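Structure first, then comments.
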Amino acid sequence: MNDIRPNIAGRAVRGLAFFAVFIVVVIAFLLWGIPEYGRYPTRANAANEIQVNELRIQQTEQLVQVEKQKAQIRFVDAEGIAKSQQIINATLTDRYLQHEAIQSQMTMANSPNHTTIYIPSGNNGIPLVKTVDEPQTTQDKEK
C-alpha cells in the first residue's frame with residue numbers, strides 16, 4: 001500500500017500541472033481573440049508612422065532653408081557683379097580701351113601659337129568689328 005500512495009500523488013501533481021498549462025493556453029487563445037489585445041501592434045505602427053512623418057517634415061523644412069540660403073547667395077553675387085559693372089562703366093574711357101586693345105595685340109603677337117594679326121583700323125587704333133549695318137534687302141523686309 002505504501003507503494004500506491006506516492007504513485008497516486010505523482011499522478012495528481014502531473015495532472016494538476018497539465019490542467020494548469022491547459023488553462024493558460026485556453027486563456028491565451030481567448031485573450032488573442034479580444035480586440036483590445038490585437039490593437040496594440042496597430043497603435044504602435046500608427047505611432048511609428050507619425051514619428052516618420054514628423055522626420056520627413058523636418059527634413060523638408062531643412063531643404064527649404066538650404067534653398068533659401070542658396071538663393072540669398074546668388075542674390076548677393078548678382079549685387080556684387082552689378083556694383084562692379086557700375087564702377088567699371090563709370091571709369092571706362094576710350095583711352096583705357098585703347099590701352100587694353102594694344103596690350104592684347106602685343107600678347108597675341110608674341111604668342112608662338114597665334115598666327116592671326118589684328119591690324120588697327122578704327123578710331124584710336126582699336127580694331128573694328130562691325131562698322132555699318134548691312135543694308136536690308138527686299139527679301140529680309142518681307143520676313
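Since every read-out is calculated from the coordinates, none of them should be taken as a lab result. Keep in mind the model is a prediction, meaning the values are calculated, not measured. Note that each Cβ is placed from the backbone with ideal geometry, even for glycine, and that neighbours are counted across all protein chains shown.
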tail above 20 Å in the computed P(r) of segment 60-121, as % of all Cα-Cα pairs, reads 60 percent
Under the Karplus relation with 6.51, -1.76 and 1.60 and θ = phi - 60°, whole-Hz ³J(HN,Hα) for segment 98-105, x at Gly and Pro, equal 5, 4, 5, 5, 5, 4, 5, 5
Would you mind computing, in nm to one decimal, how far apart the modelled labels at Ala109 and Gln59 are, each placed 7 Å from Cα along Cα→Cβ? 6.4 nm
